[in-house]
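What follows is a set of notes on a single structure, which appears directly below.
The values are calculated or read from the model by the stated rules, or taken from the named source; none is laboratory data. No experiment lies behind these values; they were computed from the predicted model shown. Here the Cβ positions follow ideal geometry from the backbone for every residue, glycine too, while neighbour counts run over all protein chains shown.
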Amino acid sequence: MNVDGMLSDAIAHAKSVLGYLHRNAWTIVFIVAGGYFCYAQFIDPLVHKIQVARSYRQATDPDRVAVLSPDMRRVRARQQEAAARRAIEAEEERRAKAKADRERKRVKSPEEERWERLGG
């Protein structure tokens, strides 16, 4: 094997490629820019539209919906129970706060004040 011959062939090939790029630089730039423009304006939106349509078809597939429907009802019932529990807790908290506010605003009789001062 002739390593020098292979190396000189590789260098000659690299010089040839660089010369081609140098002669056709603007053509390559415009082709790349045009390709990117076409991709961004036409190809990417079309691919996105196709993917959305496929996703919608899969999501609304009757077999899949029939399988997921009981799970969805169970999850919604659990969410409804949690919301009802939170509403009850909030109502209890509101009542306790209202009671504490009424107690705080209530004017105490002198006897009650004396009783509290004595630690009773």
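Things to note:
- Test: residue in the range 11-23 that is within 42 Å of the chain's Cα centre (by Cα) and surrounded by 10 or more Cβ atoms within 10 Å (Cβ to Cβ): no
- Among the candidates S69, S16, residue that is hydroxyl-bearing (S, T, Y), modelled with pLDDT of 90 or more and in a helix (DSSP H, G or I): S16
- Checklist (1) at pLDDT 95 or above; (2) surrounded by fewer than 10 Cβ atoms within 10 Å (Cβ to Cβ); (3) not polar (S, T, N, Q) applied to K49, failing item: (2)
- Qualifying positions in the range 58-82 - exposed (fewer than 10 other Cβ atoms within 10 Å of the Cβ) and under 24 Å from the mean Cα position of the chain (by Cα): Q58, T60, D71
- Residues of the range 98-120 that are surrounded by fewer than 10 Cβ atoms within 10 Å (Cβ to Cβ) and not in a helix (DSSP H, G or I): R106, V107, S109, L118, G119, G120.
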